1. Of all residues in the stretch 184-201, count the ones that are within 18 Å of Thr71 (Cβ to Cβ) and either assigned to a loop (DSSP other than H, G, I, E, B) or without any contact (Cβ under 8 Å) to a residue 24 or more places away in the chain (or both).
2. Return the residues of the stretch 79-104 that are in a loop (DSSP other than H, G, I, E, B) and either surrounded by 15 or more Cβ atoms within 10 Å (Cβ to Cβ) or among the charged types (D, E, K, R) (or both); say none if nothing qualifies.
3. Which condition number does Ala208 fail, the rest of (1) assigned to a strand (DSSP E or B); (2) surrounded by fewer than 20 Cβ atoms within 10 Å (Cβ to Cβ) being met?
4. Inside the stretch 142-167, can you point out the residues that are surrounded by 15 or more Cβ atoms within 10 Å (Cβ to Cβ) and farther than 20 Å from Ile196 by Cβ?
5. Do any strands (runs of 3 or more DSSP E) lying entirely in the stretch 1-70 carry at least 3 residues that are at pLDDT below 90 and surrounded by 11 or more Cβ atoms within 10 Å (Cβ to Cβ), and which ones are they?
Amino acid sequence: MKNILVAFLIIFLVGLSVPARGTEDSPVRITVRVFKVPAQQSFQGDLPDGRGGKISLQASGNIISGFPDGTVFISTELARNASESAIGQTIGERAAFGWGYLSAGKVQVRELKSLDFTLEKGQPSAEAAFEERLGEGRSRDYEVRVGLVSTGQGETLVRLRFDAGWSATGGSMGVGFSGSVLSAVTAIPESKLLLIGAPGDKAVYFLAVCITPKRTE
């Protein structure tokens with residue numbers, strides 16, 4: 001009887017030390033939606049009138065001059081498939097945009113691309129490139145890179161990098177430039193979008209990211 005109890009205890013302890021299947025070895029599906037806030041915009045701003053009220057003014061200028069010189073993280077309750085307008089409204093309300101003494105409320109936000117990545121133990125990183133055509137042989141070039149750092153205990157840690165640049169061709173000649181806009185390691189929520197923004201060349205870019213829930217059989 002004593003030997004049986006010892007054997008049972010050993011099996012029980014070994015079972016505790018083995019991680020549950022489907023945690024670290026299961027594929028992780030990540031959605032990355034890329035948004036652009038152009039620097040030059042026309043917008044409506046408010047100024048104090050000196051009597052406790054506000055004066056609404058129509059202005060035009062570089063609205064990203066007051067944006068932090070670094071990476072901004074905004075947690076949301078927005079779903080993975082939230083509309084462009086809903087995401088744009090959240091960005092405009094919760095990030096700092098304006099020109100001079102004027103704070104811009106509603107700003108122009110445009111979705112450039114929606115990307116889906118699947119990462120797993122045998123392929124822990126992935127990347128995708130796309131472009132925004134400007135006409136006359138000119139384009140803005142973008143690249144998103146994702147890398148799985150760790151999973152487990154309800155948290156997925158991911159390394160994200162977003163590069164932006166431009167290129168131009170004329171005849172047989174071509175020139176271009178590309179640089180990193182943001183690079184961060186962060187925990188990605190499931191189903192709800194996390195907004196990650198940083199200033200680039202003549203724009204602020206936001207990545208709206210989330211983990212896509214596993215399909216239930």
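The values are calculated or read from the model by the stated rules, or taken from the named source; none is laboratory data. Remember, it's a predicted structure, so these values are computed and weren't measured experimentally. When we count neighbours, we look across all protein chains shown, and the Cβ atoms used for this are built from the backbone with ideal geometry, even at glycine.
1. Summing the residues that are within 18 Å of Thr71 (Cβ to Cβ) and either assigned to a loop (DSSP other than H, G, I, E, B) or without any contact (Cβ under 8 Å) to a residue 24 or more places away in the chain (or both) in the stretch 184-201 gives 2.
2. First, pick out the residues of the stretch 79-104 that are in a loop (DSSP other than H, G, I, E, B): 80-83, 95-97, 100-101.
The answer is Arg80, Ala82, Ala95, Phe97.
3. Among (1) assigned to a strand (DSSP E or B); (2) surrounded by fewer than 20 Cβ atoms within 10 Å (Cβ to Cβ), the lone unmet condition for Ala208 is (2).
4. Trp166, Ser167
5. Working: elements: 28-38, 40-48, 54-62.
Qualifying strands (runs of 3 or more DSSP E): 40-48, 54-62.
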